[in-house]
Amino acid sequence: MNNDKIKKWISELTLEEKAGLCSGNGNWYTKAVERLGIPAIRMNDGPHGLRLQEGESNDISGGGDPAICFPLACATAASFDRNLLHRLGKELGEQCLANNVQMLLGPGINIKRNPLCGRNFEYFSEDPLLTGELGLAFVNGVQSQGVGTSVKHFFANNQEHRRMDSSSEMDERTKREIYLAAFERIVKGAQPWTVMAAYNQVDNVFCTENAEYLQEVLRRQWGFEGAVVSDWGATMHRAKAVAAGCDLTMPGAADTDAQLIKAVQDGSLAEADLDAACANILKLVLRGVENRRENAVFDLARGEALAEEIASQSIVLLKNDAAVLPLNEDQKIAFIGEFAQSPRYQGSGSSRINSTRVVSALDAIGEMGLGENVIYAKGYDGEETDVSLLNEALSTAQQAEVAVLFVGLPSQMESEGFDRKHLRLPESHNALIWAVSAIQPNTIVVLHNGAPVEMPWVHDVKGIVEAYLGGQGVGKAVVNVLYGKENPSGRLPESFPLRLEDTPSYLSFPGEAGHVPYTERMFVGYRYYESKAQPVLFPFGHGLSYTTFAYANLRTDAPTLSKDKPVTVSVDVTNTGAISGREVVQLYYTPCKCEYLRPVKQLCAFDKVLLTSGKTKTVSFELQYRDLACWSPELNDWFAEPGSYTLQIGLSASKSVLDCVVQVQGEPLSIVKEYTESTLMKDFIMHPFGKTYFADHVEHMFTGMAKVGVIPEEALAQMKRGDGTFEAQGLETMMALPISLMLSFSGISEEEKQSLFQAMNTANG
Ligand code: BGC
């Protein structure tokens, strides 16, 4: 029905109108065509709140109508909780409906390649599975309300430095396994209404003009049925963008409509391509219009409570020596640091929300009636140490049993538009921590930051709470965790390095002269630290609880897994402590040895479970072949080398508590395209003809070799005895020789040899 309507509209639109339709009306609307009754829809940022801006206005300093600022992706990722993300998406969808907004510009699912990226707070994780699963839940939540999403920024948009022209350069494996994987998961799992093409280039092609990834990968291979929208101002050449599959240029760009018209007229752009873009936009518009709900209302109080709940469940307890936490309501506590009064809870840039209210930790203390026992000192003002504030902080800390220091990154250090220069906290914050911890043995640090920071004082404090940028309810959430009203259950969605110099992309971030070679390839975050046995400050997946958990019986329901036969992996988790708590069950795998370089550990499944004290639950995951596979450029497909894979339950990426083995079955990889004299023995015998030939002539060949001393007589004797010694010591060396050498000992004639190769190549297709 809509298809017919769209076809009819396209047949009636003039070329000028078609060109016009392919860019927005101002910042936040598509264009209506009144003559034909084509309506317009509205879209707004995104991702963790509705930045309600009108018309031409695009105030990124927190303007726009008031809205709830939910915890940012850096925080929600730490929840490892699909259900929470779904609820967040649903709530935002309702808020959109109530404001007549048809599409939310989010989620941001770029991978955290380097902790310096200024926009990391808007993104979920360094891990594509975690990013993809949480993004998928969020998109499903928003879209369950009949509101669209724009999954952004497609793709390899991992830094702010030169974000509008730099070229992210990497091989196909790195793209598929790391930078495309979360997009793929969401596109296949949720059919987002739109995908947003990023500002940057990939391999010297602008993302808005990249037909290989917009058409071939996104649409054809993954089956994307929605519209592609440009990031705001990302379209460089209107005609190239439309031809490549970028349908809608945002914001409005009427001044360049002539480019499209001219390109159609001079034949450099097929009108069919323009029609296809219009069809995608019209489909989006109709979807939006059909799902409008005139009288929709939004429950503000419910939304604000959800913001607090999500923030509480996203906080990560990094350190808790001598059970300094939770605090006791009768204890005298010093809250020190300006962030206790005025928390940093969101980032700057296009996601900045004009929040309906902000709850600081001190507000929350007041609400809970604990004001009498909590004293406050500001501690710092700005990045440089203020000695009088520091002295005041010290005397406040001395009067208390425990000092809680609220520190982190001020907004001028971390924003959309630029990257951080280093991983340090402001000098004034570090000085405060050192000074207070020197005189107060019970010092706890609460961090408000959108990305990892160095903690040179890590051993000087008893407790560390990572609150990230937890949205407007963060103060309440922090107090909930500090006083044990909420048992912390967040886990780090990214590795915290010891030093910037340790990070995998240290030498190539942010690139040179506009080129960013992703030299670390798929070894991003813990994939690198684990493979290199490089110590970190806190590993991916780390987070403590006020209760304890025990794991037992990691098992699979079958010993083998293949392309058409997944296995179910199960493990029993018990809450062995005294109180209820949530545990994040993390399943990692180590692949068998393979022709491809592979990280030693990768997350392949996770879940979050709530367990009351003493309770046991069995957590099960279905593991598919693809979950253990890497991208094979040779096969142009996903591939898992047959062999033994170790599955591990990890308390983090670096700490495993249980393991078991599953066998992957399937064809081994043959990297040979053509069998010739230079084909190696090991590749030759992987071909069925080669294998037969080898079996028939092995003795002959090896005897010949022994005769001329290529292999020792003793080795030959051992092989004949079949005691395996020869295999262990010599076979690998033999297998690495070119077949020409081996065949020369088999007595094969030139003619026979050529016809053998020919037969092998023919059989190979
Ligand atoms: C950002 C997008 C955002 C858009 C609209 C761009 O600068 O990169 O994430 O959705 O502006 O505000």
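The values are calculated or read from the model by the stated rules, or taken from the named source; none is laboratory data. This structure is a prediction, so every number in the text was calculated from the model and none was measured. Glycine gets a Cβ as well: all are built from the backbone with ideal geometry, and neighbour counts include every protein chain shown. For accessibility, only protein heavy atoms count, side chains too; no ligands or nucleic acids. Shrake-Rupley method; radii C 1.70, N 1.55, O 1.52, S 1.80 Å.
Please go through segment 220-238 and pick out each residue that is assigned to a helix (DSSP H, G or I) and either of a type in the set (Asp, Glu) or more than 21 Å from the chain's Cα centre (by Cα) (or both).
Taking segment 220-238 and keeping what is assigned to a helix (DSSP H, G or I), we get 220-221, 238.
Scanning segment 220-238 gives 220, 238.
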query: Taking the condition surrounded by fewer than 16 Cβ atoms within 10 Å (Cβ to Cβ) and either among the β-branched types (Val, Ile, Thr) or outside any helix (DSSP H, G or I) (or both), does residue 330 pass?
result: yes
field: Residues satisfying the stated conditions in segment 618-652, i.e. under 19 Å from residue 179 (Cα atoms), assigned to a strand (DSSP E or B) and polar (S, T, N, Q)
entry: 632
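Tally time: how many residues in segment 382-419 are more than 16 Å from the ligand (Cβ to nearest atom), more than 30 Å from residue 330 (Cα to Cα) and surrounded by fewer than 22 Cβ atoms within 10 Å (Cβ to Cβ)? Walk me through how you get there before you give the answer.
Taking segment 382-419 first, the residues more than 16 Å from the ligand (Cβ to nearest atom) are 382-413.
Still in the running and more than 30 Å from residue 330 (Cα to Cα): 382-387, 409-413.
Next cut, surrounded by fewer than 22 Cβ atoms within 10 Å (Cβ to Cβ) only: 382-387, 410-413.
Summing the residues that are more than 16 Å from the ligand (Cβ to nearest atom), more than 30 Å from residue 330 (Cα to Cα) and surrounded by fewer than 22 Cβ atoms within 10 Å (Cβ to Cβ) in segment 382-419 gives 10.
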task: May I ask you to say which residue of 197, 239, 211, 243 is under 30 Å from residue 267 (Cβ atoms), open to solvent by 20 Å² or more (accessible area, probe 1.4 Å) and touching an Asp or Glu at 6+ places or on another chain (Cβ under 7 Å)?
output: 243
- prompt: Within the bounds of segment 37-57, is there any residue that is away from the ligand (no atom under 14 Å from the Cβ), not in a loop (DSSP other than H, G, I, E, B) and not charged (D, E, K, R)?
  reply: yes
statement: Cβ pairs under 6 Å, 6+ apart or interchain, first in segment 149-174 and open to solvent by 10 Å² or more (accessible area, probe 1.4 Å), second within 12 Å of the ligand (Cβ to nearest atom) and among the hydroxyl-bearing types (Ser, Thr, Tyr), ordered by first then second residue, are 163/199; 164/199
task: Output the residues belonging to segment 204-240 that are closer than 18 Å to residue 167 by Cβ and within 16 Å of the ligand (Cβ to nearest atom).
output: 206, 207, 208, 230, 231, 233, 234, 235, 236
Pair list, Cβ under 9 Å, 6 or more apart: segment 249-263 residue within 16 Å of the ligand (Cβ to nearest atom), other residue basic (Lys, Arg): 249/238; 252/31; 253/238
field: Only listed residue being in contact with an Asp or Glu (Cβ under 6 Å, 6 or more places away or on another chain) and not acidic (Asp, Glu), chosen from 360, 355, 312
entry: 312
field: Flag for residue 125 being at pLDDT 95 or above, surrounded by fewer than 23 Cβ atoms within 10 Å (Cβ to Cβ) and among the hydroxyl-bearing types (Ser, Thr, Tyr)
entry: no
field: Residue tally, condition open to solvent by 30 Å² or more (accessible area, probe 1.4 Å), in a helix (DSSP H, G or I) and within 22 Å of residue 159 (Cβ to Cβ), over segment 499-531
entry: 2
task: Please give the number of the condition residue 294 fails out of (1) at pLDDT 95 or above; (2) within 30 Å of residue 89 (Cβ to Cβ).
output: (1)
Every residue from segment 280-309 that is open to solvent by less than 30 Å² (accessible area, probe 1.4 Å) and of a type in the set (A, V, I, L, M, F, W, C): 281, 282, 284, 285, 286, 296, 306, 307
- prompt: Is it true that some residue in segment 3-26 is outside any strand (DSSP E or B), within 30 Å of residue 69 (Cβ to Cβ) and not small (Gly, Ala, Ser)?
  reply: no
statement: Scanning segment 241-265 for residues that are within 29 Å of the chain's Cα centre (by Cα) and not in a helix (DSSP H, G or I) gives 245, 246, 247, 248, 249, 250, 251
task: Only one of these is within 41 Å of the chain's Cα centre (by Cα) and in a loop (DSSP other than H, G, I, E, B): 710, 662, 672, 657. Name it.
output: 672
message: Could you check segment 58-90 and list, in sequence order, the residues that are within 16 Å of the ligand (Cβ to nearest atom) and of a type in the set (Val, Ile, Thr)?
response: 60
